[in-house]
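Peer 1: Pasting in a structure now, in structure tokens, and then I'll have a few things to ask.
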Amino acid sequence: MNTPCITGWNHSQFGKLSGIDPENMIGDVARAAIEHAGLAPDAISSIHIGNFNAGFLYQDFPSSLVFHALPELRFLPATRVENACATGSAAIYSALQAVMSGQSTHALVIGYEKMSELSTGDVGDVLLKCSYAREEAGTPGGFAGVFGKIASAYFERYGDQSDALAAISAKNHFNGVSNPYAHMRKDLGFDFCRTPSERNPFVAGPLKRSDCSLISDGAVAMIISAADVARTMTRAVQFRAAVHMNDYLPLSRRDPTVFEGGRRAWQKALTDGGLTLNDLSLVETHDCFTIAELLEYEAMGLAEPGQGARMILDGVTAKDGRLPINPSGGLKSKGHPIGATGVSMHVMAAMQVCNDAGDMQIPNVEHAGVFNMGGAAVANYVSILKRLV
């Protein structure tokens, strides 16, 4: 199989990074990723920037900002890619296409976001632009309100799932303690996540603060290289599958309790890779809200519709379970800087297949899955990674 490979990466700390210039964030991770791949800057053929922005920063049009830190890259083709919360994966897939077409030998991918310049309310207004404006603009609670409605619809159909959502949150915060890049490295525990309190109030519908991902800043970079060249490098993580599918934007045109686009993307990825879910050692999935992770268990085929709760309550998705989900802590603990998220998820999976994940490491990893979505399962990206070298 001659698909492109990840050959280097670098991951910044995620969190509220006050006083850190986004241009410096971009330059630092880009230079370190190139060095990690064992390359010089002049080996890079193209640059693919994932940045959502939509009002987080005044400075838009970021494609040439990396030249400030790496003037050696000046005059290369550099493009900004955006696909809501799947922006990072969109940038990776842009790089894959450049390499597969033969236009690039080594493509630099950078995903970043600086969200903390705005108030929580303003961040919610920016993120709500990822919904269908004609019907969903002005939803109370912003995007949390959108997922609160999804959770309420699921609860109405299948019963109260509050125990499962609290268990997902507690699992991901427990896992995040081992992630040195995570925004919040604190084991909150099931009781805190399950019990409404002054520190953990309801935010939207049945969702509490502990069910919602964090407002984060951060940057991640990786190098995508042609397979024939990657075989000669220090490490090469191959894409056994790379699938992108979009669904309707309005929730009114879909069953909100079924991530149909995600389900179809998972089915195609497993088929393309000649694999089954049992062949995966772990999955990094898009837990922007705990209800999303629950629905993703069902979308990936781990559980039948309405049975996702059993996967978390029975320990199937725990770090030592049959299929660990989000051993990095996921978006819930690691943070969710929109443009950086998809790149981060792929880096976390690449670290696992290279046995380079430190305290996050799952034993004997062969294949790692990634599911990154934009909006409420509108843009759906599924990757399956395996180490080649």
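Peer 1: In whole angstrom, how long is each semi-axis of the equivalent ellipsoid of the range 230-389, when you take the square root of 5 times every eigenvalue of its Cα gyration tensor and sort them from largest down?
Peer 2: 24, 17, 15
Peer 1: Among 346, 36, 367, which one shows the biggest mean-square fluctuation in a GNM of the chain, springs joining Cα atoms closer than 10 Å?
Peer 2: Top of the fluctuation ranking is 36.
Peer 1: By how many nm would the segment from residue 97 to residue 158 grow when fully extended, if each residue of separation counts as 0.36 nm and the alpha-carbon distance is taken off?
Peer 2: Contour length minus Cα-Cα distance gives 17.9 nm.
Peer 1: In whole percent, what relative contact order does the chain give with Cα contacts below 8 Å and a gap of six or more residues?
Peer 2: Numbers: 969 pairs, mean separation 99.7, N = 389.
For the chain, the relative contact order is 26 percent.
Peer 1: When N is the residue count of the range 185-261, what does its C-alpha Rg come to as a fraction of 2.2 N^0.38 Å? Provide the component values of the computation, followed by the final result.
Peer 2: Values: Rg = 20.5 Å, N = 77, 2.2 N^0.38 = 11.5 Å.
Expressed relative to 2.2 N^0.38 Å, the Cα Rg reads 1.79.
Peer 1: Spin-label point model (7 Å from Cα, Cβ direction): what's the residue 279 to residue 264 distance in nm?
Peer 2: Between residue 279 and residue 264, the simple spin-label model gives 2.3 nm.
Peer 1: Let me ask you something else. I'd like the orientation of helix 162-176 relative to the chain: the angle between its Cα long axis and the longest Cα principal axis, in ° from 0 to 90, rounded to 10.
Peer 2: Around 30 degrees separate the two axes.
Peer 1: Moving on to the next point. Starting from the Kirkwood Rh over alpha-carbon pairs, what translational D in µm² s⁻¹ does the range 88-190 have by Stokes-Einstein at 10 °C and 1.306 mPa s?
Peer 2: Rounded, D is 91 µm²/s.
Peer 1: While we're on this one: Net charge within 11 Å of residue 64 by Cβ-Cβ distance, Lys/Arg positive one each and Asp/Glu negative one each, not counting residue 64 itself?
Peer 2: My count for the surroundings of residue 64 gives +1.
Peer 1: Same structure again: State the Cα centre-to-centre distance between the range 215-279 and the range 156-211 in whole Å.
Peer 2: The two parts, judged by their Cα centres, are 26 Å apart.
Peer 1: Another question about this same structure. Give the share of C-alpha pairs in each 10 angstrom bin for the range 1-49, from 0 to the last occupied bin, in whole percents, shortest bins first.
Peer 2: 20, 48, 24, 7, 1
Peer 1: Using a ≥ b ≥ c from the Cα gyration tensor of the range 53-139 (square roots of the eigenvalues), is it rounded, prolate or oblate, where a/c under 1.5 gives rounded and otherwise the larger of a/b and b/c decides, a/b for prolate? The partial results should precede the final answer.
Peer 2: On the way: a/c = 3.39, a/b = 1.72, b/c = 1.97.
Oblate.
Peer 1: What do you get when you divide the Cα radius of gyration of the range 140-183 by 2.2 N^0.38 Å, with N the number of residues?
Peer 2: Details: Rg = 13.6 Å, N = 44, 2.2 N^0.38 = 9.3 Å.
In units of the 2.2 N^0.38 Å rule of thumb, it is 1.47.
Peer 1: For the chain, with a Gaussian network of springs between Cα atoms less than 10 Å apart, report the residue from 19, 339, 330 with the top mean-square fluctuation.
Peer 2: Most flexible of the set in this elastic network: 19.
Peer 1: Tell me which residues come under 5 Å, amide H to amide H, from residue 285 once H is placed; ignore anything under 5 positions away on its chain.
Peer 2: Excluding prolines and chain starts, which carry no amide H, the hits are 326, 371.
Peer 1: How large is the translational diffusion coefficient of the chain in µm² per second when you combine the Kirkwood radius over alpha carbon pairs with Stokes-Einstein at 25 °C and 0.890 mPa s?
Peer 2: Using the Kirkwood radius from Cα pairs, D works out to 120 µm²/s.
Peer 1: Given a 10 angstrom Cα cut-off, can you work out which residue in 159, 306, 189 is the most mobile in a GNM of the chain?
Peer 2: Ranking 159, 306, 189 by mean-square fluctuation puts 159 first.
Peer 1: Just the number: Rg to Rh for the range 103-155, Cα atoms, Kirkwood Rh, two decimals.
Peer 2: Ratio of gyration radius to Kirkwood radius: 1.20.
Peer 1: On a 0 to 90° scale, report how tilted helix 338-353 is relative to the longest principal axis of the chain, with both axes built from alpha carbons and the result rounded to the nearest 10.
Peer 2: 80
Peer 1: If you find the alpha carbon centre of the range 1-54 and of the range 93-145, how far apart are they in angstrom?
Peer 2: Taking the Cα centre of each part, the range 1-54 and the range 93-145 sit 17 Å apart.
Peer 1: Separate question: Among 335, 195, 48, pick out the residue whose Cα is farthest towards the positive end of the charge dipole of the chain, where Lys and Arg carry +1 and Asp and Glu carry -1 on C-beta, about the Cα centre.
Peer 2: Projecting each Cα onto the dipole axis, the largest value belongs to 48.
Peer 1: On average over all directions, what projected area in square nanometres does the range 1-151 have, based on the convex hull of its Cα atoms?
Peer 2: So the Cα hull casts an average projection of 11.0 nm².
We did not get these values from a lab; they are worked out from the coordinates using the rules stated. None of these values were measured; they are calculated from a predicted model. Note that we place each Cβ from the backbone using ideal geometry, even for glycine, and neighbour counts take in every protein chain shown.
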